[in-house]
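Worksheet: one structure, shown below.
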Amino acid sequence: MMIEVLKSKIHRVTVTQSNLNYVGSITIDEDLLDAANIIAGEKVHIVDNNNGERFETYVIKGERGSGCVCLNGAAARKVQVGDIVIIISYAMMDFEEAKTFKPSVVFPDTCTNKLV
């Protein structure tokens, strides 16, 4: 049996930009992506702690060390710059493997979006 489990989470980062006129997606600082084991193009769920919005999109690499968390396209309408969001990805795996799998979870500084 295959089940879907938490693979990666960037817990509580601040939205630094939004770009309504971009094709779509979320741009995330490459340092955060590496720490959370998330890759460009990966599907992620975004949870906005300020307004309760929940939606999914895909990842674009942002400039390393920039602290960038930018919602693009239609997703830009669901958040405000300054909102605190959680970025989550899931993976399908065998039930037995899932019992011992350890997800990558990072807790950046919400003021700078840098790893602490």
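Only the coordinates and a few stated rules stand behind these numbers; no lab work does. Remember, predicted model here, so these are calculated numbers, not experimental data. Cβ sites come from the backbone with ideal geometry, for glycine too, and all protein chains shown count toward neighbours.
Once region 84-94 is narrowed to residues that are surrounded by 14 or more Cβ atoms within 10 Å (Cβ to Cβ) and over 13 Å from the mean Cα position of the chain (by Cα), the residue that is farthest from PRO108 (Cα to Cα) is MET93. The residue pairs whose first member lies in region 62-80 and is without any contact (Cβ under 8 Å) to a residue 40 or more places away in the chain and over 15 Å from GLU30 (Cα atoms), whose second member is assigned to a loop (DSSP other than H, G, I, E, B) and of a type outside the set (A, V, I, L, M, F, W, C), and whose beta carbons are closer than 9 Å, counting only pairs six or more residues apart or on different chains, are LYS78/ASN51; LYS78/GLU53.
Give region 1-15 a look and list any residue that's under 15 Å from ASN113 (Cα atoms) and buried (at least 20 other Cβ atoms within 10 Å of the Cβ), or say none. Hits for region 1-15 are LYS9, ILE10, VAL13, VAL15.
For (1) over 10 Å from the mean Cα position of the chain (by Cα); (2) assigned to a strand (DSSP E or B), each residue gets a yes or a no:
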position: VAL13; (1), (2): no, yes
position: ASN21; (1), (2): yes, no
position: THR27; (1), (2): no, yes
position: LEU32; (1), (2): no, no
position: VAL44; (1), (2): no, yes
position: ASN51; (1), (2): yes, no
position: VAL59; (1), (2): no, yes
position: ARG64; (1), (2): yes, no
